Structure formats: structure tokens, C-alpha cells
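Undergrad: Okay, handing you the structure first.
The values are calculated or read from the model by the stated rules, or taken from the named source; none is laboratory data. In this text the structure is predicted, and so the values were computed from the model without any measurement. Please note: Cβ atoms are built from the backbone with ideal geometry, for glycine as well, and neighbour counts cover all protein chains shown.
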Amino acid sequence: MREGAAFRTDPRLLEASGLRLSKQGVALLNIDKLVLDGAGPTLILGPNGAGKSLLLRCLHGMIQPDAGEVRQGGRRLDSLACGRQAMVFQQPVLLRRTVQANLDYVLRRQGLSRMARAERCAELLDMGGLAPRARQWARSLSGGEAQRLAVLRALACDPEILFLDEPSSALDPASTKAVEALVRQAHERGTRVVMVTHDVGQARRLAGDVLVLHRGEVMEHTPAAEFFDRPRSRAARCFLEGRLIL
């Protein structure tokens, strides 16, 4: 927890209540109450179509639900302008600039001086192992490097909450390991991490708590150690065993 922050006013505390989202009469999200107040990182698991990405986008303010609300640190979030959050997608979205310029763009918007931006850029590039690529065009990076840059750019704004939507699903093992290292560093520096994954092994490596979604509903939300040792729900057991969830 950041210094001076009390639990009830912790800006990293996320709460959703009465969350409803549907399309053409089909319920996509149906969540009565969700509180993300654990040590984290929170890993969201579930089959395709469970509503994982939709939930992430609702929590981030990218999608407005049909009903319900999301609160961060006790304050209602009505749009992307509310709360200090960042999000990284499965496919990295990078500017047509150099690697360093992608980071500098975010830092400039925070009003940092040129010297402060240069120092922060150097720190981030070292953190992600991209210092040798600083002057390379971002869109010429390999897939793993591009995703690392996307994570670093998200961290450049020092977010209280970082959302990650399957950031390593298309990466090789070495690149996945590098992205996971950044996730751990973000968590250790005090950023709350909420991450969607299909990879049970990745959830075992990273999770502080696990949230299981099925058909838009929360089937289980428990500490990671308890979840992997004694999953409570049938949906969670099926997912862990690689069986179809009907």
C-alpha cells in the first residue's frame, strides 16, 4: 500500500456492484458484487466468452455497463478520465515513433521537464531491457519487445491500477518470462495488477488472488494458494483440469 493510504481510501481498491451488460438480449456480465482488495496481483480465469475482457474494460471505464457502477478508492468511475489507471492489450498498440519517443509521449503529457523525462525514460528502458532499442522504430520491434514496450508505456504514468488483457498469449516462453518480470516489478512497486489469462501456469506464477468467470458471472474469487489447492466451484475445477465447462 502506498505510504499514508488507509484501506478504505486506498486508491487501488476496486469495487463493482450490480454490474449488468447485455447485447441483443444476451447477458454478457451479471455481477452483483466484486471487491478487489487483496494483495494481488489478481488473475482472471475462465473459458472463451466468459466475459473476462468485458469485465476488464468495464473496470477501466472503456465500456459503460447497462446497470451498476465501478468505484476506485471509494470514488465512482464514470469514464476513462476518472482514476489513475492504465491498460495493456493482447496486441500492443504503439505510436509511429521510436521506442524512447513512445515513452516520452506519456511523460510529456504529465508535464515533466525534459531532464526528468530523460531520466524516467532511461529507468523504464533499463527495467524492460530495451535500452539498446531506444532509437529504433517501435513498430519494428519483435512481438515480445513490442509488448514489453506497451507495458513500460503503461507504467510510465505511474498508475495506481494496471489492467492487462492476455499480454503474453501470443508470445514465446522467453518473451512471456520477460513480460511476467515486468508485472512482478509493477506489483512490487505498489501498482495493483488485474490481469486476464488463459494460462493456468502463468496464474500459478503470478497470482495473489484468482477470479473465475463463467457466462459473465463470478464463480469463484479466492486467494491463489486456496484456489489451486481447493477450488470451490465446479467451473474452477473443470478449468484447472482442462475439461469443458458447460
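Undergrad: Out of Gln85, Gln100, I need the residue that is within 15 Å of the chain's Cα centre (by Cα) and among the polar types (S, T, N, Q). Which one?
TA: Gln85
Undergrad: Give the residues of region 80-117 that are aliphatic (A, V, I, L, M) and either touching a helix residue (DSSP H, G or I) at 6+ places or on another chain (Cβ under 6 Å) or closer than 19 Å to Met62 by Cβ (or both), sorted by residue number.
TA: Answer for region 80-117, where residues must be aliphatic (A, V, I, L, M) and either touching a helix residue (DSSP H, G or I) at 6+ places or on another chain (Cβ under 6 Å) or closer than 19 Å to Met62 by Cβ (or both): Leu80, Ala81, Ala86, Met87, Val88, Val93, Leu94, Leu95, Val99, Leu103, Val106, Leu107.
Undergrad: Looking at region 105-135, which of its residues are more than 22 Å from Ala178 (Cβ to Cβ) and acidic (Asp, Glu)?
TA: Listed by number, the list holds a single entry, Glu119.
Undergrad: Given the structure, is Arg120 in contact with a helix residue (DSSP H, G or I) (Cβ under 6 Å, 6 or more places away or on another chain) and in a helix (DSSP H, G or I)?
TA: Criteria met by Arg120.
Undergrad: Look through region 84-124, keep the residues that are buried (at least 20 other Cβ atoms within 10 Å of the Cβ), among the hydrophobic types (A, V, I, L, M, F, W, C) and free of Cβ contacts under 8 Å to residues at least 40 places away in the same chain, and return whichever of them is nearest to Ser53 (Cα to Cα).
TA: Filtering first and then ranking leaves Leu124.
Undergrad: Could I ask something else about it? Residues that are within 13 Å of the chain's Cα centre (by Cα), at least 3 per element: which strands (runs of 3 or more DSSP E) completely within region 158-225 meet that?
TA: 161-165, 192-196
Undergrad: Looking only at strands (runs of 3 or more DSSP E) that fall completely inside region 25-111, which ones have 3 or more residues that are at pLDDT below 90?
TA: 75-77
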